[in-house]
1. Just the accessible area for Lys51, please: 1.4 Å probe, Å², rounded to the nearest 10?
2. Compute the length gained on full extension between Val336 and Leu48: take 0.36 nm times their separation in residues and subtract their Cα-Cα distance, giving the result in nm to one decimal.
3. Given Lys61/Lys402; Lys135/Lys416; Lys277/Lys396; Lys416/Lys451; Lys141/Lys279; Lys135/Lys279, which pairs have Cα atoms separated by over 27 Å?
4. Over the chain, consider all pairs of different Cα atoms and compute the Kirkwood hydrodynamic radius from their mean reciprocal separation; express it in Å, one decimal.
5. Go through Lys77, Lys402 and list them by solvent-accessible area, largest first, probe radius 1.4 Å.
6. Of the accessible area of segment 127-286, with the probe set at 1.4 angstrom, what percent is carbon plus sulfur?
7. Could you state how much accessible area Phe428 has, in square angstrom rounded to the nearest 10, with a 1.4 Å probe and all protein chains kept in place?
8. Suppose a student asked you for the relative contact order of the chain, using Cα pairs under 8 Å spaced at least 6 residues apart; what percent would you report?
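The values are calculated or read from the model by the stated rules, or taken from the named source; none is laboratory data. Note that the structure is predicted; figures quoted are calculated from it, not measured. As a convention, Cβ positions derive from the backbone with ideal geometry for all residues, glycine included, and neighbour counts pool all protein chains shown. Only protein heavy atoms, including side chains, enter the accessible area calculation; ligands, DNA and RNA are left aside. Shrake-Rupley method; radii C 1.70, N 1.55, O 1.52, S 1.80 Å.
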Amino acid sequence: MFIFPLIFICSFVMAVREILRGNSSGLLLFMIFGLSIYTTTMSVTFMLGLKSIIPTMQFFKEALIFGVLLLNLANLKYRPRFHLIDYTIMAFLLYLILYALLPIGEQGLFDRLIALKSTAFYIMVYFVGRTIDAKEIYINKYFNYLVLLTIAAGAVLVVELLMYQQLQLRTGYAEYNYYFFNAEPSGQYGISTTFDSDSGYRRFASFFTNPLELAAASIISLAVIAGLYTTDNNKLRINSVGMLGLGASFLAILFALSRAPLASYFVVIYVYALLTKRKAITHIIHLGFCVVAIYVAYLFWQFEQNHEGIIQILINTIDFSDPSSIGHLQQWVEGVLAIINNPMGLGLGSSGRVAGTLGENVGGENQYIIIGVQAGIIALLLYLCIYVMVIRTGIKWLPKLKGKERQVCLTVLLIKIGFIIPSLTSEFEGSAYISYINWFLTGLLINMIMKPVITQTKPADDH
């Protein structure tokens, strides 16, 4: 198991080396290979009796982000042109900082600052992507690394399936979470209830934090594969490595048994087909949807309702009769009522991961509601505006871009659309790997489309 801390530390050292050489994009080495195994690394380190160094290792990611951001700002060769998305993101960040500094809510200053980091640190990651020298980043290389990561995750998952046992049972996962986050072991397997399913099937996470993070990583992988192997004229030219990565992503989304990301996985495929004008794929999806709808209607019309296995999961998901869906509904109702009663918010740390650690959570299990409960309707509207603007910008610019700029645009667009549904059932920004990759690429996209206009020095008739 020591291989995980070794990879984590090596990816950090390699990223720092690249950054010191002037290649800020080396940060992606750590974001891809380090953050994907973050919790597994920490839990193995704890299991090996090295808990004293864990706080230092936990700070690696923030130190790299702040360091690279400062270097990028110091090395700017021109005054950046700001997009409306930039202004909205800065307004959102300043608004949350205000909530952290002012005595709003029942949490102390320290807890509010921790909640601020959990709720808004990804904005720093966005500005790293926004200020990096886009001309010097070899996006193909890092996209290929993401495909290789997906294949590695699939290989670990296959081993888990063969043993029919989650990796987290062997890494000290439960002990680490109890010691650092006051989360007692729970569920059928003594890890966490997120690894259980109501139908009795095990849920797997490979080397990611939990099944939801594995499922979300699969959506990122699918979007990256689409961006990497789609040409400027919308031809899909995927090689054997890409096919293996695609297969690994589908295996992961399947055995993570996370319903919202699974639905989003097919939504991403459908949106990709629409964007690239692949009528065959859209027709197949339309036909498949009709067949599934007819079959589900048949199941509901049956007099006997003693379904088991996958059919039970499907039925319980649709009619919201399983405990997980009921729990989501209860959390949503509680959160919405809190927003209605306190439209300016209850204060940072009143909802989400920090509140859960403190045992004082209000609402939750929904990224949008968590923001609204903590900082009110204004913060929620700003976040939603950012999200919608990024999607609209991606749709607008996709036909205009070529090469790596188009690769990034298509990838970001598919990721953002793919994350809409999962964000309704979880605190999606709480995962460092998912959030960092998502917002770094978002910042990089805006960076690319807002590149400075070079003033022409040639005479007009020489053009």
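1. Approximately 90 Å² of Lys51 is accessible to the 1.4 Å probe.
2. Gain on extension, Val336 to Leu48, equals 99.4 nm.
3. On the way: Lys61/Lys402 32 Å; Lys135/Lys416 24 Å; Lys277/Lys396 16 Å; Lys416/Lys451 22 Å; Lys141/Lys279 30 Å; Lys135/Lys279 34 Å.
Flagged as over cut-off: Lys61/Lys402; Lys141/Lys279; Lys135/Lys279.
4. 23.3 Å
5. Output order, biggest surface exposure first: Lys77, Lys402.
6. 63 percent
7. Its heavy atoms expose roughly 20 Å² to the probe.
8. Values: 649 pairs, mean separation 101.3, N = 463.
About 22 percent, as a whole number.
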